[in-house]
Amino acid sequence: MGRNIAQKILKEHVVHGRMVAGKEIAIRIDQTLTQDATGTMAYLQFESMGIPRVRTKLSVSYVDHNTLQSGFENADDHRYLQTAAARYGVHFSRPGNGICHQVHLERFGVPGETLLGSDSHTPTAGGLGMLGIGAGGLDVAVAMGGGAFHLVMPEIINVNLTGQLPPWVSAKDVILELLRIMTVKGGVGKIIEYGGDGVKTLSVPQRATITNMGAELGATTSVFPSDSVTRAYLRWQQRQDCWRRIQASKTATYDGRIEINLSELEPLVAQPHSPDAVCKVRDIEGLEVSQVAIGSCTNSSLADLQTAAAILKGKKVHPNVSLVMSPGSRQVFEMIARSGALADLISSGARILESACGPCIGMGQAPPTDGVSVRTFNRNFKGRSGTASGRIYLTSPEVAAATAVAGKFVDPRQLGELPVIKLPRRALIDDGMIIHPPEDGSKVRVVRGPNIKACPLNTELAETIKGEVLLKVGDNITTDHIMPAGAKILPLRSNIPAIAEYVFSGIDPGFPKRARDKEGGIVVGAVNYGQGSSREHASLAPMHLGVKAVIAKSFARIHKANLVNFGIVPLTFVKETDYGEVQQDDLLEVPGIREALAKRKDRVMVSNLTRNKTFAAAISLTPREADIVLAGGLLNYTRLH
């Protein structure tokens, strides 16, 4: 029986386990990437392992999230990251060089290889036929040290693309359509693999837009074939030597199949406050907007910005609209400058930001109170923009540019013929903002600023967990809800005691004090708890506050892994109706939890001492994960083994 693309790549990298859906496997990691919001903790954890140099084929440290230097913290962290990279053999992409996923696609991605990144949008690399997986920083640190990455073998879903995108319809509309079909939890435990005749009509940047937002499906990763289109892109980047053809066998089988006819799509939009709240643009035409933002790792390629510039050329942004644009990389920034597109953007009234994540991660450009912000980004969670009452809509660059001129949502197909974009024959190659590590970094001094604190450790799991329900939350709680981002909080990412003061601050500002006063406790969640960013701080900071367990209806993949990595027990309600029987401040007890994990039991009884009731909770952990929780987290486990 032939293999599909994901199976072929995994087969080459499996070092332990059988590739059977639902069973744990361990894979060898070829490349890693970190970014500065997660990288400082990842390198602190790597240092604690005592390994003199990274053991991957390639590791890259990017600075793209926290480039706003409103205090010394970000600058100090950047200096730490640069010196740590030189010491341990990591390539360092300087501030201003671009967003990690865009730059990695341009300069480092290799078809058929594995990439583990401390950012949930690492699957962007799947646009090149690479298997890119997002993970917590600790998992990435282990991979940099030569350790395997463990995951439960996903189901593999084939998305069969037919037809060709009509004018004014783009790759963003493809992934929005898939989000409409599958929802933000539909990809959990799955790899999304794209195939069909429609694939050859999509460029690598278009494919990368689609795989990027596979993270919003909850998917482990997404992947396209590596074909002649991939080869042309790598030749354009003068990296054709790393190309190899990777396609599914004709007899390949899948665990599911979804059909999308590209020819039948039209401009779509995700409404507040979820990427799967998708409707047609024409259904909300006339809705007035106050801000438009074009960029992010989803839609900031050269073609994206050239298209937006062509739509805006000779026009002015509506007087009631603030338009900002973020080139995805320095390469893109310089190329739009040399082509004249940058002048067209400036002339239109667009405000040009640096090549960084910027507004997408809440670093500036918060919309006005109750403002409607139209963004080409990947997430529109409530409050993520920096304005609690902001209403964020996700669209393509075509829709965003047309809306910026009109001052209200408009179906861009009304604008007539789509401007023809002609890209140069070769990309502008200048890697001068990437600092390559020295052959011997042993004499490099790693510089730590005063805000950088050691990664706290948990203790071994107790025989019994007993504590009050510190907080009860609903469905689709994101890591932004648990550990908010933004210009005020992210600079504290390398100081866990400080950043812990903001855990759940958008939901319940009193949570940190209550957790400390009660010496820890338990959090109760509903469906898809922990979706969104890979930031391990959403587990690490609650652990610091004494959270011992999270009981939910279901978990997002990365967050569940991060809970395990820091010794917090993830449990799920056996009967979802039991969720309604537990309330905040209830005193819960989980007797024999240590014995249950040690004996590999699949469930445990939880006593609600306040209400004199008991309910069953499932333990959905692999034997290795159970041992990690017993040890009090992955760092403790690694030291014991």
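Only the coordinates and a few stated rules stand behind these numbers; no lab work does. Keep in mind the model is a prediction, meaning the values are calculated, not measured. All Cβ positions, glycine included, derive from the backbone under ideal geometry; neighbour counts span all protein chains shown.
More than 27 Å apart: what percent of Cα pairs in segment 5-264 qualify? Can you show the working numbers first?
Values: 12070 of 33670 pairs.
The calculated P(r) of segment 5-264 puts 36 percent of pairs beyond 27 Å.
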| field | Value of Rg/Rh across the chain [Cα atoms, Kirkwood radius] | value | 0.95
| Antiparallel DSSP beta bridges within segment 277-412, percent to nearest 5 | 5 percent
| Does segment 111-215 come out rounded, prolate or oblate, given a ≥ b ≥ c as the square roots of the eigenvalues of its C-alpha gyration tensor, rounded meaning a/c under 1.5 and, failing that, prolate meaning a/b above b/c? | prolate
| message | Just to be sure I understand the model, the point goes 7 Å from the Cα along the line to the Cβ. What's the resulting E288 to C242 distance in nm? | response | 4.9 nm
| query | How would you order 116-126, 426-436, 448-458, 629-639 from highest to lowest mean count of nearby Cβ atoms within 10 Å? | reply | 116-126, 629-639, 448-458, 426-436
| remark: Dividing the helical contributions, -39500 (n - 2.57) per DSSP H run of n ≥ 4, by the residues of the chain yields a 222 nm value, nearest 500 deg cm²/dmol, of -8000 deg cm²/dmol
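Nearest 5 percent is fine: what portion of the DSSP beta bridges confined to the chain is antiparallel? Intermediate values should be presented prior to the final figure.
On the way: 30 of 86 bridges.
Restricted to the chain, the bridges split so that about 35 percent are antiparallel.
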| Local electrostatic count, L587, Cβ distance below 12 Å [Lys/Arg +1, Asp/Glu -1] | 0
| request: Using only Cα atoms, tell me the angle between helix 36-48 and the longest principal axis of the chain; keep it within 0 to 90° and round to the nearest 10. | output: 40 degrees
| query | Which ³J(HN,Hα) values, rounded to whole Hz and listed in residue order, are derived for segment 324-331 from phi using the Karplus coefficients 6.51, -1.76 and 1.60 in 6.51 cos²θ - 1.76 cosθ + 1.60 with θ = phi - 60°, glycine and proline given as x? | reply | 10, 9, 10, x, x, 8, 5, 4
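Could you order the peptides 335-345, 103-113 from most to least packed, using the average number of other C-beta atoms within 10 Å per residue? Let's see the in-between values first.
On the way: 335-345: 18.1, 103-113: 25.0.
Packing proxy ranking, top to bottom: 103-113, 335-345.
Among DSSP bridges having both ends in segment 465-640, what percentage is antiparallel? Round to the nearest 5.
50 percent
Compute the signed sum of charges (Lys and Arg +1, Asp and Glu -1) over the other residues within less than 12 Å, Cβ to Cβ, of T622. Intermediate values should be presented prior to the final figure.
Values: positive: K23, K560, R600, R624; negative: E24, D602, E625, D627.
So the surrounding residues net to 0.
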